[in-house]
1. Anything over 21 Å Cα to Cα? Flag those among B:K140/C:K318; B:K228/B:K339; A:K343/A:K410, in the order listed.
2. Ballpark to the nearest 100 Å², how much total accessible area do A and C bury together, probe 1.4 Å?
3. For the stretch C:217-250, list whatever residues lose no less than 40 Å² of accessible surface once every protein chain is in place, relative to that chain by itself, with the probe at 1.4 Å.
4. Enter the buried accessible area of the B/C pair, total of both sides, probe 1.4 Å, in Å² rounded to the nearest 100.
5. If the cut-off is 17 Å between C-alpha atoms, which aspartates and glutamates fall inside it for A:K451, apart from same-chain ones fewer than 8 positions away?
6. Label C:W186 and A:E254 with points 7 Å out from Cα along Cα→Cβ: what is the distance between them in nm?
7. Could you sort C:L25, C:L18, C:L202 by their accessible area in this structure, using a 1.4 Å probe and putting the largest first?
8. Pop out the ³J(HN,Hα) list for the stretch C:29-34 in order, Karplus 6.51 cos²θ - 1.76 cosθ + 1.60 with θ = phi - 60°, rounded to Hz; leave Gly and Pro as x.
Amino acid sequence: MEYVVEMLNIRKEFPGIVANDDITLNLKKGEILALLGENGAGKSTLMGILFGMNQPDSGSIRINGSEVQISNPNAANDLGIGMVHQHFKLVHNFTITENIILGIEPKAWLTIDIKAASKRIRELSELYGLNVDPDAKIEDVSVGMQQRVEILKMLYRNAEILIMDEPTAVLTPQEISELANIMKRLVSEGKSIILITHKLKEIKAVADRCTVIRRGKLIGTVDVATTSQEEMAEMMVGRQVSFKVDKEQQEAGEVVLKLEDISVLNSRKVMGLKNFSLEVRAGEIVGIAGVEGNGQTELVEAITGLRKAEAGRIFLKGKDITELPIRSRIRHGMAHIPEDRHKRGLVLDYTLEENMVLELYDCPPFSKNGLLNKADIRSYAEEIMKHFDVRSGQGAISVARSLSGGNQQKAIVGRELEQNPELLIAVQPTRGLDVGSIEYIHKRLVEQRSKGKAILLVSLELSEIFNLSDRIAIVSNGELVGVVDADKTSENEVGLMMTGIKRGERLEAQNDQRHK
Amino acid sequence: MGKKLVSLALAVMMVLLALVGCSKPSTGPDGEGSADLKVGMVTDAGTIDDKSFNQGTWEGVLKAGDNLKLSTQYLKPAGTTEGDYLKEIANLYDAGFKFIVTPGYKFETAIFQAQDRYTDAKFVLIDGSPHAGDYNVVVKENTVSIFFAEHESGFLAGLATALQLKEGEVGFIGGMEIPAVQKFNWGFQQGIDYANENYDTNIKMDKENFVYQGSFDNVAAGQQLAAKMYDKGVNAIFAAAGGVGVGVINEAKTRVKAGEEVWVVGVDVDQYSEGIYEGNKSIILTSAMKEIGTAAYDMIKAEKDGKFPGGEILTFDAKNNGVGIPAENPNLSADVTNKVAEVFKKLQSGEVKVSDEQGELIK
Amino acid sequence: MKLKMIKGINKNTIVSLLSIILGLLAGAVLMLITGSNPIDGYTYLFRGGFMNIERFGNTLATATPLIFTGLSVAFAFKTGLFNIGAAGQMLFGGFCATAVGLSLTWPKPLLLMAMVLSAILGGALWALIPGLLKARFNVHEVVSTIMMNWISYWVVYYAVPAYLKGSFLETESRRLPHSASLRVDWLTNLFNGSYINLGIFLAIAAALIIAFILNRTVLGYELKAVGFNRHAAEYAGINVNKSIILSMMIAGALAGLGGAALYTGNAFNIQIGVLPSQGFDGIAVSLLASNSPIGVLGAAIFFGLLYSGRGFMNAMTKIPPEIADTIIATIIYFAATNVLIEGFVDRIRRKKRGV
């Protein structure tokens, strides 16, 4: 069999951690190879080596059978290797054409021959069914389109081998299925693709083979068609994984969070949330279901105090907290797992231990008379890391930035739960995480519920909402469409309500509410 | 890994430090005494080629260096505080320069200290006299303080201007409102008046056209002020203002190239070459000069001859040819030059007197 | 774990040392080009800074304002702000101190305390405005601090001749009496007539206090959190606006102290028409020190050495002063570009590992 890429016995060490330990990976021409692993398993490092961003400590790389040194991304480009990063590298006020030719502008005398470039991009776009308008500006096109621009960038540079790093993390379900089609089209035209992911469903949908790594070690390469999702998950995590969370039936207690007709402006200064009322009781998980950008952010920020409620009142355990600053809300027993762990959740340049007391640093025992007590901070952080299985290169003094996404998220979840809050606002608590971490975090949330705490869960993943919630509140266009019991509804019905359609079922659901 | 870099870094540092350490610490670089006199200068604010005070002094020092075969060096302080000046004086002294010339009143307090600290060195302070900040002047035996009769210089320039223009209007742009600049101004006005009274010229002076910009370095402001005055009909501006004067000159050049006829009267040194706009033609009508270079040269020569007038305060005026207008003034007619020379003689003889106080004059 | 931390510190130190060496090498090239012997040049440069106790004192005194402005910039950097206004804050702080020194006739210790306090307040006030603008209207502090520099320049330009004018000198204030000067006899005598003054002790104390605030206190924790990630700080309930204003004020107070050290310690009066260059050099000092308060001490003394040794190098060699300035500027330029050097060090490390 002829391989286009052979990575043989690759080893790479970072301070405190072996990221890749003797990993071998082969890519055949014209196939889609999935590279599966948990967050922090070493996938990105391995692909970084192939793309010339890291140099392996040992091992060799062969491209089309001949051994090569890939010292930087340009060398990788010359070898026909292209990479689509998870975070796009595009200039927003440039057109698609300008972005694609950036760095390799076709010159006509002293000017850039945009027309020729644009023509070639159009041809490529048609050949691979990418449907890209070369003259549109990046800021005007959707995220899915931006990703296709990244793919086109690679094709324009004559890449034969495409590395795609978690390409679906930022896409809507429709965009995901479009991407799958594009990928199939690409391989049918002779390209070869390595797909980095931890989403088993996608692997099943597009990949031919799957190489699994765990904690830097190669577990094996399997044929996707003959391997079940459960088997792959077990290879990845190293144990049996349950996709369903066990939670016991339990009576909800007193009202912990009460929202009365709140209205909130969004960042464009129009009402993003209108006359919204909701109750969350002790010992229950209420899920907020909705398409992204339908008022979830405004809702969460109004409850947590990051944004002002223009109208209405917010009560926490009967106390009106509408006007309270963020810190007092936290002190009254509110915790918040934020939507974006890099933007809000962590101070990435702080160490892990400093991050673990982000809300508590000014309380004893972590400080006294304005001075920090580093010893207590460290032991507290180490405790959280132990309880929540947070792994890092240098323990509590690792810089937060150096942790993998999953470990960062576990650290945040740990920090928030360790405060033993009466009310937990969990926003997308498992976004971008692998099944092992998801399972773990879900368990901890349910545990919190069992302890009689109230949880408001906001998620874009319906399966997560259904897995965890007792009741589901559906938002659409900033308004509450309805609240339904999780065990008396279906994904189908909630999906329809998410589009704003209020049907007969909605009435039934509300009747159920009243009976309670 | 890091270790290698550290050791590399340390090694280089060591070599550098070793070099420093090895060199002999104390003895001065050269012998002492006037046999091989070394003359140093510390510059005031501005550069050595400021076409004004620094340059004038330095040219005198250089001339002395050439004629008398002395080694010379100038230092430029980092700032204009007393500490900055003292530091450079110490640098010169430690390097064996035992004859130090400092131009400008800003050196007064620094020289006051230096003359006590470096008793075996000689100091020439131009345009100032040493004091401790309280204006109680103390000139020690190793120091000479030199002043100029700016009013006489301004008088001659004013006279020449009036004689050449015959009628029209003149203005004045000063830098900061300090005595030297003020005296230029007052003398200039008296020169104009003298011409109006004795030579039947008709030159007007308006209070609004006699201004102090407030700094010696704001070129743009100088240009603006000049533009305003020329617009109001002023024919010649006396600019005693350092860098501000450069702006005045620039404005005049622009206007002359555009066909207007305007003039600038230069200051301190012969600024003719500054005002050249085409070929050999300059907008500098004449300059009110202080023979700074001559003063510096004379002092160095005196030291060389063992006649250093230590402890004295000298005034350079018309009597000792310390002030005047340039010998060659291509923009003045021979007649004007002759008349000015006549009056210059009267100044020297005391027949004509110029006041160095404001009195009834403008600002 | 200890070992690793030492290694981490080492990296910054290596980078700074390499930067300095590279700067010195670049300066050496310049000297060669202008026909001078670099070894002689540097010998005289270092001797000019250190060859006797007086010169050593002068070097420290030259470094004093730089320590303050370096700390000012470093502190602002650490808390996410870019303070280009140290020059203006320094000028205004120095003006306040001078004004107090010339107006009051208290006993020396009391008067000095009042002057230092007024410098702190003056500098802080000058930085308060950009802080407020940033917090309230999100006006970028780079723009507003630069503008404050010029406001300070012109305020002093007007106020000194109007209120603190000497008997006829228009360009500077009256001379401060000995009782209002940071210079003290025992120090002057100890350093054999140097103009070193109490400012150096204030500067060292300030560096220690700032290091302590940043690393050990709740306040430092909050300010740095806001600096690193404003959104996360807000999320955690830290009052972001208050922190920004406070950071700016502390940075301004430090610069203001630098003004007191410059105008009432190194000098005896304040001058108009000059923005103190130390305000801008503070940026380079801070860069060379990788924003570490203790590093600032070292970096500022290095710069002080360059500035105070330069004249002697000049006097002893035939290097013209302008070239000497260029050499010093080149050294500072290289010293301040540790970011590049850091990349270089990283690359070497990688290369070594790759082999």
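1. B:K140/C:K318; B:K228/B:K339
2. Using a 1.4 Å probe on protein heavy atoms, the buried area is about 2600 Å².
3. By number: C:V218, C:Y221, C:F228, C:N229, C:H231, C:A232, C:E234, C:Y235, C:A236, C:G237.
4. Looking at B and C, the buried total is near 4300 Å².
5. Within the straight-line limit of under 17 Å, A:K451 reaches these aspartates and glutamates: A:D246, A:E248, A:E251, A:E254, A:E284, A:E416, A:E418, A:E422, A:D470.
6. With each label point 7 Å from Cα toward Cβ, the separation is 6.7 nm.
7. From most accessible down to least: C:L25, C:L202, C:L18.
8. Per-residue couplings from phi come out as 4, 4, 4, 4, 4, 8 Hz.
The values are calculated or read from the model by the stated rules, or taken from the named source; none is laboratory data. Just so it is clear, the structure is predicted and the values come from calculations on it, not from any experiment. Heads up, the Cβs are rebuilt from the backbone with ideal geometry, glycines too, and the neighbour counts pull from every protein chain shown. SASA here: full protein model, heavy atoms, side chains in, ligands and nucleic acids out. Shrake-Rupley method; radii C 1.70, N 1.55, O 1.52, S 1.80 Å.
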